[in-house]
1. Among the residues of the stretch 30-38, is there at least one that is modelled with pLDDT of 85 or more and either surrounded by 10 or more Cβ atoms within 10 Å (Cβ to Cβ) or farther than 27 Å from Glu117 by Cβ (or both)?
2. Among the residues that make up the stretch 140-150, is at least one of them surrounded by 23 or more Cβ atoms within 10 Å (Cβ to Cβ), closer than 19 Å to Leu88 by Cβ and either under 16 Å from the mean Cα position of the chain (by Cα) or hydrophobic (A, V, I, L, M, F, W, C) (or both)?
3. With the condition kept exactly as written, say whether any residue in the stretch 44-59 is touching a residue at least 40 places away in the same chain (Cβ under 8 Å), within 23 Å of Gln294 (Cβ to Cβ) and buried (at least 22 other Cβ atoms within 10 Å of the Cβ).
4. Tell me, which residue of the stretch 166-179 that is outside any helix (DSSP H, G or I) and either crowded, with 18+ Cβ neighbours inside 10 Å or out of contact with any Leu (no Cβ under 7 Å at 6 or more places or on another chain) (or both) is modelled with the lowest pLDDT?
5. Any residue that is buried (at least 24 other Cβ atoms within 10 Å of the Cβ) and among the polar types (S, T, N, Q) - is there at least one of those in the stretch 155-165?
6. Do the conditions hold for Ala186, that is, is it without any contact (Cβ under 8 Å) to a residue 40 or more places away in the chain, closer than 20 Å to Gly283 by Cα and in contact with an Asp or Glu (Cβ under 6 Å, 6 or more places away or on another chain)?
7. Kindly indicate which of Pro146, Pro165, Pro228 is farther than 20 Å from Leu281 by Cβ and without any contact (Cβ under 8 Å) to a residue 24 or more places away in the chain.
8. Would you check if there is a residue in the stretch 180-194 being in contact with a Leu (Cβ under 7 Å, 6 or more places away or on another chain), among the hydroxyl-bearing types (Ser, Thr, Tyr), modelled with pLDDT of 95 or more and within 23 Å of Arg121 (Cα to Cα)?
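The values are calculated or read from the model by the stated rules, or taken from the named source; none is laboratory data. These figures come from a predicted structure and were not determined experimentally. Heads up, the Cβs are rebuilt from the backbone with ideal geometry, glycines too, and the neighbour counts pull from every protein chain shown.
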Amino acid sequence: MRLPRTLALLLALAALVAVPSAGSAPDRAGAKKPPAKAMRPGIWITAEELRRLPMRGAAWKRLKSIADDSLGTPEIADQDGDHDVRTLAVALVYARTGQASYRAKAAEAILAAIGTEAGGRTLALGRNLLSYVISADLVQLRQLDPAGDARFRAWLRNVRSRKLPGGHGSLIRNDERGPGNWGRHAGASRVAVAVYLGDRADLARAATVFRGWLGDRSAYTGFVFHEPMTWHADPKKPVGVNPVGAVREDRSIDGVLPEDMRRGRGFQWPPRHTDYPREGLSGALAEAEILHRQGYDAWNWSNQALLRATQFLYNLSIDPGDRWKWQRKIWHWWVVNHRYRASFPVSSVDIGKNLAYTDWTHSASRAPSTSGSR
């Protein structure tokens, strides 16, 4: 039987309304899939946190003097370069003061660094990338210069997987295979990039790798360790940080970074001095802080492995039978004190290989937020 034209049109419209659109397709449970959870603000620190810090005192004056000075030429390929950390000074001053000139200066420096990793090793990329990513976050590059930020993001997506000389190839590969300082610098830059790009999957993968490095072999064991293995608590089950209570020849090696300690030769007492353990911590502490800010309990993993690693190095510095020197001017110790409510000796901070300025950003006046710390 032929339906009246008006009734036929109404039935057709009802059928169209009943069909869900492609953009709102329900999942198997019949409900819409929730959007991906956004990253927490502040890769390293937020402008809101910085606004609570004083624009006075020695630490602020040093920071601002660096921001006001020439930054030099960007060259990520130079593993000892400091253009990246100087750029971070400019970004921090902008985030605290809101002065547009600092924002423009930092943005120009960030974009000028793109591609300058060519000819360098992965170690240089791991060291030098971190501060640029933090700086881009602090100056809100996406809002300031959408086209420039798009170029920056495209470069970040590519450069983290780009094969470079030395180590295990790419930044990600070094993070997952390198148990020494190369790997930790790579890991710190990797997680910063993941947060900046909103890549939650890669952030979770990097967190799993880091958890394994800190000592949880049930999480990850893909590292390539090197001889001599005598600094390990158990050479058959090597980890990046020795476990609680580890002893060798009646000497505590609790908290030792075995892969970096071996750079000063195999186990002996007193140990032969090497800066590699401190260098390894430089990446590891930065990685822990970034992960912590994204909700990972990294500071407490493996019985507060990073506090124990710091304690081991400090104990060497006060051991009358050794010649290790406690380097007060390194940025590391301010972060360790801040997160663990510790009291390791600190001083004004020199520009580091990957970061600086923690005598201002992580000063003792700010309340630590790590639960269960000693």
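1. Initial filter on the stretch 30-38 (modelled with pLDDT of 85 or more): none.
No: the stretch 30-38 contains no residue that is modelled with pLDDT of 85 or more and either surrounded by 10 or more Cβ atoms within 10 Å (Cβ to Cβ) or farther than 27 Å from Glu117 by Cβ (or both).
2. We begin by selecting, within the stretch 140-150, every residue surrounded by 23 or more Cβ atoms within 10 Å (Cβ to Cβ); these are 141.
Checking which are closer than 19 Å to Leu88 by Cβ leaves us with 141.
Narrowing further to those that are either under 16 Å from the mean Cα position of the chain (by Cα) or hydrophobic (A, V, I, L, M, F, W, C) (or both): 141.
Yes; the residues of the stretch 140-150 include at least one that is surrounded by 23 or more Cβ atoms within 10 Å (Cβ to Cβ), closer than 19 Å to Leu88 by Cβ and either under 16 Å from the mean Cα position of the chain (by Cα) or hydrophobic (A, V, I, L, M, F, W, C) (or both).
3. Yes, the stretch 44-59 contains at least one residue that is touching a residue at least 40 places away in the same chain (Cβ under 8 Å), within 23 Å of Gln294 (Cβ to Cβ) and buried (at least 22 other Cβ atoms within 10 Å of the Cβ).
4. Initially, the stretch 166-179 is screened for residues outside any helix (DSSP H, G or I), giving 166-170, 178-179.
This time we only want the ones that are either crowded, with 18+ Cβ neighbours inside 10 Å or out of contact with any Leu (no Cβ under 7 Å at 6 or more places or on another chain) (or both), so: 167-170, 178-179.
Working: Gly167: 88, His168: 91, Gly169: 92, Ser170: 97, Gly178: 98, Pro179: 98.
Within the stretch 166-179, the match that is modelled with the lowest pLDDT is Gly167.
5. No.
6. Numbers: without any contact (Cβ under 8 Å) to a residue 40 or more places away in the chain: no; closer than 20 Å to Gly283 by Cα: yes; in contact with an Asp or Glu (Cβ under 6 Å, 6 or more places away or on another chain): yes.
Answer is no for this residue.
7. Details: Pro165 fails: without any contact (Cβ under 8 Å) to a residue 24 or more places away in the chain; Pro228 fails: without any contact (Cβ under 8 Å) to a residue 24 or more places away in the chain.
So the residue among Pro146, Pro165, Pro228 that is farther than 20 Å from Leu281 by Cβ and without any contact (Cβ under 8 Å) to a residue 24 or more places away in the chain is Pro146.
8. Step one: filter the stretch 180-194 for residues in contact with a Leu (Cβ under 7 Å, 6 or more places away or on another chain), giving 182, 185-186, 188-194.
The next check asks that each one be among the hydroxyl-bearing types (Ser, Thr, Tyr); those that pass are 189.
From what is left, the residues that are modelled with pLDDT of 95 or more are 189.
Narrowing further to those that are within 23 Å of Arg121 (Cα to Cα): 189.
Within the stretch 180-194 (the criterion being in contact with a Leu (Cβ under 7 Å, 6 or more places away or on another chain), among the hydroxyl-bearing types (Ser, Thr, Tyr), modelled with pLDDT of 95 or more and within 23 Å of Arg121 (Cα to Cα)), the answer is yes, since at least one residue qualifies.
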